[in-house]
Amino acid sequence: MNSFSEILCRHLPRAGTLSGPLANTEIYRVDEVYELTPIVYDPSVYFVAQGEKEAWLQEQRYVYNPGQFLLLTVPLPLHCRVFNATPRKPFLAIKLNIDLSVLKELLGQMQTVEADTDQSDSGIFVSNMTDNLKDAVHRFISTLDHPEQQSVLAPMIYREILFHILQGPEAQRLRGFATADRHSNRIALVIDFIHQNFSRTMRIEELAAIAAMSESTFYEHFKNVTQLSPLQYLKNIRLHHARHQISVEQLPVSEAAYLVGYESPSQFSREYKRLFGFSPAQHSA
């Protein structure tokens with residue numbers, strides 16, 4: 001049987017990203033270490049086949065390697081770094097985006113006992129893979145070698161992967177984000193609202209109303225999930241969108257700042273440099 005890393009190397013022989021063959025899936029190969037880099041991770045689960053990676057959310061460090069997985073239940077602005085990667089022994093990983101409709105369908109079919117407390121948990125965690133989960137991930141990746149299986153078996157195994165995660169010790173966290181009216185789910189709805197409306201002015205009372213919470217309760221739960229205040233989170237999302245508009249869409253710095261909601265170009269430049277380590281003008285060069 002081909003190993004997890006052998007399959008990924010065969011389908012991604014050079015550094016880069018592969019998406020397309022398997023729905024909701026991206027494959028990553030990194031051939032050299034790189035320094036901490038700001039990036040926004042979407043709700044997803046990451047499995048490492050080879051190498052090691054770290055993600056920082058504020059002062060909290062998350063390290064994941066083969067035998068573990070990193071799971072995010074909401075979009076979060078992280079600083080990430082790969083280490084122990086060389087062309088001969090690259091970092092190899094897959095990301096499975098979490099399909100909320102599939103997750104809710106599974107929860108509806110599973111016999112689970114709800115916890116008595118409705119707490120808001122961090123939107124990111126690392127956990128160990130069970131043998132059943134390892135087997136399912138390997139069978140999922142093995143469909144890359146069999147195109148005829150990708151449209152039929154791969155979606156079934158994708159569901160199985162989510163099922164095994166929901167059977168694990170951290171399952172309650174994931175259930176909380178997918179279950180209506182739970183605190184974590186309400187915060188997830190607010191985060192989705194922020195991503196859809198990041199360029200407009202937002203006030204805490206408006207976001208708290210969306211969550212159906214008092215301002216103080218909303219602030220507490222939002223920080224539990226993201227480790228950021230709502231306005232810090234909004235600022236991070238704006239700056240990441242601006243970075244894309246400047247570096248990918250080639251928009252002028254002043255226009256990008258305006259489009260993401262900044263009224264002061266100087267403030268935008270200061271905050272951009274603080275997050276990314278260089279000015280937006282340097283990024284557009």
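Selection of the stretch 123-166 for residues being assigned to a helix (DSSP H, G or I) and aromatic (Phe, Trp, Tyr) yields Phe140, Tyr158, Phe163. Tallying residues that are of a type in the set (D, E, K, R), over 17 Å from Arg274 (Cα atoms) and in a helix (DSSP H, G or I) within the stretch 242-259 yields 1. Of the strands (runs of 3 or more DSSP E) lying entirely inside the stretch 1-101, the ones with 3 or more residues being aliphatic (A, V, I, L, M) are found at 44-50, 68-72, 76-83, 91-97. The lone criterion from (1) more than 24 Å from Glu35 (Cβ to Cβ); (2) in a helix (DSSP H, G or I) left unmet by Tyr262 is number (2).
Each value in this text was obtained by applying a stated rule to the coordinates, not by laboratory testing. Note that the structure is predicted; figures quoted are calculated from it, not measured. Counting neighbours? That spans all protein chains shown, and the Cβs are built from the backbone with ideal geometry, glycine included.
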